[in-house]
Amino acid sequence: GTLTDISEVKRALHAADWQARMLALTEDLCQGGSLEIELQRDRVVTSPGLWALLGRPATSVVLSRRALLSFVPRPERRAIVAAWRQALPGRPFELQHSLLRADGRPCLVHQRGYVETSADGSTQRGIAILQDVTVQRAVERRLQEIASTDVLTGLPSRAALLEHARSHGIGGGSAFRA
């Protein structure tokens, strides 16, 4: 139906405004962005959060797929294209890849994608959310370093030495017992 009553129009505008604010807050809180890929046309609609991840002003909300991929380091582009081509409609998929920020620093993102189909089964659009996991992965690497290295000497810790021995089938002697 059409919106003829001014109060209905106001309610619809308020709802749209609320949804836009919630998307912006959600993307800001989770350090993420989102995009929609119209698969029948070469058209990608991006969110403000994606531009924030890139450290760039939102110069254009609509991009081509090639323009979007230009923000990904060249060696990683094939894997992203392959993940989207292999995606099963109606089933989410995940991958991690880098984005190139405006200042040249890489940004590691966790991408969850989803391909929708129309009623006749033809592929219609892809939807993705990307979350910056750069700091999280750096902390995980540092924790692994701390767990496997003696802080005073910088040499492998006793636990790392035992794990290395076990993984290589070495041990059993009293020198390797915990």
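The values are calculated or read from the model by the stated rules, or taken from the named source; none is laboratory data. What you see is a predicted model; the values in this text were computed from it and never measured. Because the Cβ atoms are built from the backbone with ideal geometry, glycine has one as well, and the counts that use them run over all protein chains shown. Side chains are part of the model used for accessible areas, which takes the heavy atoms of the whole protein and leaves out ligands, DNA and RNA. Shrake-Rupley method; radii C 1.70, N 1.55, O 1.52, S 1.80 Å.
Is it fair to say Q96 is under 23 Å from R41 (Cα atoms) and either outside any helix (DSSP H, G or I) or open to solvent by 90 Å² or more (accessible area, probe 1.4 Å) (or both)? When the stated conditions are applied, Q96 does not pass them. Of the set (1) over 30 Å from S64 (Cα atoms); (2) open to solvent by 60 Å² or more (accessible area, probe 1.4 Å); (3) modelled with pLDDT of 75 or more, all apply to Q131 but (1).
Within the stretch 33-84, the set of residues being open to solvent by less than 60 Å² (accessible area, probe 1.4 Å), part of a loop (DSSP other than H, G, I, E, B) and farther than 19 Å from R105 by Cα comprises L39, S47, S60, S64.
Yes/no matrix, rows are residues, columns are (1) touching a residue at least 60 places away in the same chain (Cβ under 8 Å); (2) touching a Pro at 6+ places or on another chain (Cβ under 9 Å); (3) farther than 30 Å from I37 by Cβ:
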| residue | (1), (2), (3) |
| --- | --- |
| A83 | no, no, no |
| A87 | no, no, no |
| P106 | no, yes, no |
| E116 | no, yes, no |
| L130 | yes, no, no |
| A147 | no, no, yes |
| V151 | no, no, yes |
| A165 | no, no, yes |
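Residue check: is E94 more than 14 Å from the chain's Cα centre (by Cα) and within 28 Å of Q19 (Cα to Cα)? No.
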